[in-house]
Each structure stands twice: as C-alpha cells, then as structure tokens.
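All of the numbers you see were taken from the coordinates with simple rules; none came from a lab. In this text the structure is predicted, and so the values were computed from the model without any measurement. Using ideal geometry, Cβ is built from the backbone for each residue, glycine included, and neighbour counts are taken over all protein chains shown.
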Amino acid sequence: MPLISCQGVAVEYGDRVVFSGLDLSIEPGNRVGIVGANGSGKSSILGLLAGLEPPSQGAVERRGRLIVAYLPQEAPVPVAETVLGEAMASRTDISTLRDEMIHLERRLAHPGADAEQVLERYGECQAAYEGLGGYELESRARAVLHGLGLEEDEQQRAPTELSVGQIRRLELSKLLLQDADLVLLDEPTNHLDLAAIEWLENHLLQSARTLCLVAHDRRLLERVCDRVVELEAGRAEVYEGSYSSYLRQRDERRLRWRRSYEAQQAHISHQEEFIRRYRAGQRARQARGRQTILDRLERIPEPTELRRMHLNLHAAPSAQVVLRTEALVCGREGRALFSVPDITISRGDRIAILGPNGSGKTTLLHTLVGDLPPLSGRVMPGSRARLRLYRQDFSDLDSERSVLQTLLDDNPHTLPERARSVLGAMLFSGDRAEARVGDLSGGEKARVALARLGMDEANLLLLDEPTNHLDIPSQEVLEEAISHYPGAVVVVSHDRYFVDVFKPRVLEVREGRLEERRASAPPAGRAVPASQRPKPARKPAPAGPRRSTAHAEERIGALEAERQELTRRLGAPTTYREPGAGDSLVERLRVVETELEASYATWVELEGTTDR
C-alpha cells in the first residue's frame, strides 16, 4: 500500500492555477525529486504531502499513522539551550519517554502502595526508550551535527548564536535524526559547502527512508532520486528513473508531443476544409460524418514551452594572458588565509575554486579583482584586461534603485532601449523593469546581476556562487552562455554539476594553501545538455502499397485508443509495483505515437489524392 497517493491534484492561489493534474503514488523506499522553475509550486507539493495545506482539486490519501518529517525553508524558534540539545529535542517521542522515566524514578525513590504498577510502567517505558534508540540518541546527534560541519565547540553554543548557514545545518540535523516513514526536504543543500553536501548525499543513499526532495542541486538529484516530478507551465509530469533519465525522457516526450500535435492539427485542418467545401451538395452526408468524427476526437493540447531567460556574454579583445599572480598570499584584516601558487589565466580558460565555507574563496576573487590588497605578492592583469566580479551577496546592487536604472547607472552610455531589451531577455518585461531592487526575490536579484554581465564586455569573469538562487532552467541557460563565452572564467561554486559542465582546472583550498587537483568525473549516465544534443531525425511515413482512406482512419482510431489506455496505465500507481513494468509501457507508448504520426501523414496524403 502506498504511503501517500495523489490523484488529479491541483493547487490554486486566487485565480492563478499553480499546477494541475498531479498523479503521484509514493511507495515505501521511493526517492522522489521535484524540479521546476521558481514559483512553479515545488514547495506547495511538499506542503500537500506534509498535510499542511489541502489541494484545490483532487485528493491526497495517506496511510494510517503515517509519520512525516519535513524540512521547510524557514527555521522554527529553538527550544533548547545548546545546539546539541536542540538536535536531541527534535525527537519528541524519545524526550517524552525520558521525562516520564525521570518522573517514575522519583516515585520509585519513595515507593507507595502503587509501587508495583509504577515499576511495571517504568519497565515498559525503558523498553520503548531502548527500542527507539534513546540511549544512542546523543552519540547519533553528535555524529550528524559533525557530518554537517557543526563541530564540538559549535554544538555547545546557543542556537541563537549561529549564522544563517549554521542554522540551516542544525535544522537538517534535526530532520535526519527523525524516525519517520517519509522525509520531505526543501532545498536541503542551501548554505552547505561541498563536504557537507557530499556527507548529506551519502547519508541519504545509505538510509532506507522514503523521501521527497525539492532541490536545484542536480548531482544530488541524479544520485539520490529514482523518480522525478517536473512542474512546468502549470502541468505536473511524473518520470520514472534518475535525473539524467528524466532529461532524456523529457526531451523525447516533448518531441513526440510536438509532432503528435502538429500531425493532429494537419488532420483537423484537412477535415475542416473538406467539411467547409462539401457541407452542401452531393457529399454533404460524408461531410456530416466527418464532422461527427471530428467532434469526438480527443484534442491534443498545444505544447507549451517554459519562458526562460536568455543570456549572451560578450568579451572585449585582450592579450593571450589575461591575468597572472606571483607569490600571492590572500587574507583579510592582516590575517593570512592561504597562499596561492603562481597562476596564469589565459583567454578562454575555465578555473574552478573549491573549498569549505570560510576558507577564503571569496577573498581570493576580491583580491584578483582589486577590491582587497594582497597580504604579499602581486596580481598582474594583462594588456587590455577587463575584469568583472559577480557577487553572491549582491552587495553591489543598490536596493533603492530600479532594475532598469541599475543597468543604466552601470552603463551610462547605453540607450534605455538596449537596457530594456536585455532586461526583457532576463524576464523583466514592462513594469517589472521599473521594480525596486530591494523588493526583488533572491532569484530575481541574481537575474539582475547576470543582466549586468550581459551588458558588459569583460574578458575575465569572476563568479562567486552564481547558481545560488537560480532554478534549474536558469542554471542551464547560464551554463550555455558560459560555454559560448570567449573570455576567461574563474568560478567559486559548490554546485558539482555546474562545475562539471566546463571541465575546468580545479584549485582547492587545503590547509592554508590553494592546490590544483583534477576535476571530479561527471556522474555515470549523465545526460548531455539539450542544447548540445543532435536533433532526432524525423522518421518518414512507412512506405508500402496505397491503402484506402477508411483503412487509414480505422488505424488512427485504434492507435488513439491504445495511446489513451497506455497513458491511463502509466498514471496508475499499481503499474509500478512490478519492477520494470513502467519501462515497457513507456517504450510501447513511443512506438504507438511514432506509428500514429505516420498514420496521420498517410491519411492526409490519401485524402489529398481522393479530393483531387
């Protein structure tokens, strides 16, 4: 029996439909990833599964006594005095039993007439406490906190003294300590460095828990999830398999959808032309028959494409060597963070800077761009070098300025029309271009910062966590823009998928030094980005002897019926109880849709011959 089953679920806010048509069954052991653009409703799905909000349409059914652990993006008020205590207090079932055992121990110290019953109850509590892992809770809590980068001294601090990133780690630790049937994670890698992300990934892989994960970290989705729910253009689609499998299926499904839609539209147009021409006269009866068939035809909806930003990065000419360092030591306020081996950055280079939070990666970028002086050594820009820094905290954006004015201030000789054109490509159309920067979301501020890069012609880009705040579609656009950028790029990022795209030189901060190492290999089975894949060849209609129009129409009807049945079975939760059952149905659906497209083409050809 599934833990949760969603049937025809939709979420609406006012008159806006966020998404509709969600059919999802979560069985024990499933690992579901939820992807989509910002604002598409990913967090709303987690709220539905957690029981925090009802669906606007459809039904959500839960198995009885289902225990759900939920990590929202906002942290609750702490209840304990220390970080370790806060983590342990999250196990309310264990703490309740512990409190009862303490109370019973006090009663046993001064036994009364009910001593036997008290002792019996104490034994029951002790057995339950041991069964829930109460005696190991502190050691488990310490291990989880350590794995996420909260060491012994931080575990003894008050939760209110933690930074935003540390609070996020604490909340994640609390969730991972739960003994839940279903774990719901909303952007769990936010504020985590690479080591903590990899620890979390391994922890989830080794755990037998059922989970549902909203994330922009594509490597985490690839390694952890076995099913993907995509929210796009108000539709919810479920794909079986890993993230890379989802990418392949998504492109194939969209191509089939487009071709089927176009074939059906050609069929409908031809029928309507026939009906219009022969509505009266000798063939009126035939026209009425065709109208009846047309009225009964289930229309394929027009394919919708997600509105994505468009980013072009330009580079001014430069010397071959854009920048060099010599005996460089980076630090702040007189305190050295690490030494840098002599680096030469040439035109077209791609370099990734890795290391734990607080190790000084951002300091290095600020030193290279000239915002911070070196503690020792030199930074030597090449001839005609133009450097531009993308700041992860957006500290160079004036919150009181409008989006449009921000670009114009940055480029005083630019015409407003060009600035508006660039902003439109970055999804700031009409009045949104006049919005106050301080009122924007994190994702919108990131698009403003990227728009500034698109207006510039720097030949060395220094990017500090550029994928923070960006949804996956925007990350893909940024990746493609950088892949076509002729200048040099130095990027600080914890996004392993993003870094792998460029196969850069990798420099990692280790024990007070910046050392070069080889980049990690892309995950097995990783899909090639859509923009880099060859377009599938369109299959011609199968050759053969000319068949009658009636036979073609009969064939179309049979294929339409089989497609509807396959779609129904793929949406049924029972389909996936047998391993591999969904794969065979998906493969058959591909064959049916290919044959249907060919049948439509054959029918149109036959009709054209008959009409002549």
* Structure fact -> Residue separation between Glu565 and Glu105 times 0.36 nm, minus their alpha-carbon distance, gives in nm 159.2 nm
* Mind sorting Ser383, Ser376, Ser395 by how few other Cβ atoms lie within 10 Å of their own Cβ, fewest first? => Ser395, Ser383, Ser376
* Asked: So what is the relative contact order for segment 43-244, in percent, with contacts set as C-alpha pairs under 8 Å and at least six apart?
  -> 24 percent
* Structure fact -> Taking 551-561, 40-50 and ranking on average Cβ neighbours within 10 Å, highest first, one gets 40-50, 551-561
* Asked: Where in segment 331-371 does the label zone of Arg513 land, with the point 7 angstrom along Cα→C-beta and an amide N cut-off under 13 Å?
  -> 338-342
* Relative contact order for the chain: what is it in percent, counting Cα pairs under 8 Å that are at least 6 residues apart? -> 14 percent
* Once you charge only the Cβ atoms, +1 for Lys and Arg and -1 for Asp and Glu, what is the size of the charge dipole of segment 18-154 about its Cα centre, to the nearest 20 debye? -> 560 debye
* Structure fact -> Expressed as a percent, the portion of alpha-carbon pairs in segment 245-321 spaced more than 19 Å apart is 62 percent
* Sequence-distant residues sharing a close amide H with Arg227 (under 5 Å, placed H) -> Arg31, Gly33, Gly241
* Run through the DSSP bridge list for the chain and note the antiparallel percent, rounded to the nearest 5. => 50 percent
* Asked: What number, in nm² with one decimal, is the all-direction average of the projected area of the convex hull of the alpha-carbon atoms of the chain?
  -> 38.1 nm²
* Which three semi-axes in whole Å describe the equivalent ellipsoid of segment 43-244, each the square root of 5 times a Cα gyration tensor eigenvalue, listed largest first? -> 36, 22, 15
* Structure fact -> Among trypsin sites (Lys or Arg not before Pro) in segment 360-425, those in a DSSP loop whose Cβ has at most 11 other Cβ atoms within 10 Å are Arg384
* To do: Determine the relative contact order of segment 321-527: mean sequence separation of Cα pairs under 8 Å and six or more apart, normalised by residue count, in whole percent.
  => 29 percent
* **Dipole magnitude of segment 43-244 about its Cα centre (Cβ charges: Lys, Arg +1; Asp, Glu -1), debye to nearest 20** => 260 debye
* To do: Mind checking which of Val183, Cys6, Ile102 is farthest towards the positive end of the chain's charge dipole, using Cβ charges of +1 (Lys, Arg) and -1 (Asp, Glu) about the Cα centre?
  => Cys6
* Structure fact -> Scalar couplings 3J(HN,Hα) for segment 343-351 by Karplus 6.51 cos²θ - 1.76 cosθ + 1.60 (θ = phi - 60°), nearest whole Hz, x for Gly and Pro, are 10, 10, 9, 9, 4, x, 5, 10, 10
* **Under-5 Å amide H pairs with Ser25, H placed in peptide plane, nonlocal only** => Cys6
* Select from Val492, Leu328, Gly355 the residue farthest towards the positive end of the dipole of segment 321-527; place +1 on Cβ of Lys and Arg, -1 on Cβ of Asp and Glu, and compute about the Cα centre. => Leu328
* **Charge dipole magnitude, Cβ of K and R +1, D and E -1 - segment 273-317, Cα centre, debye nearest 20** => 480 debye
* Asked: Ordered by packing density, taken as the mean number of other Cβ atoms within 10 Å over each peptide's residues, highest first, how do 78-89, 279-290 rank?
  -> 78-89, 279-290
* Structure fact -> Expected sort for Ser399, Ser90, Ser245, Ser56 with the fewest Cβ neighbours (10 Å cutoff) up front is Ser399, Ser56, Ser245, Ser90
* Structure fact -> In the structure shown, of Lys174/Lys445; Lys361/Lys445; Lys42/Lys361; Lys42/Lys445, the pairs separated by more than 25 angstrom at the C-alpha atoms are Lys174/Lys445; Lys42/Lys361
* Asked: For segment 60-121, which trypsin sites (Lys or Arg not before Pro) are in a loop by DSSP, counting at most 11 other Cβ atoms within 10 Å?
  -> Arg65
* **Top positive-direction residue, dipole computed over segment 321-527 with Cβ charges, set Gln475, Ala419, Ser376** => Ser376
* Structure fact -> Between Arg235 and residues 5 or more places away or on another chain, the pairs with built amide H atoms under 5 Å apart involve Ser20
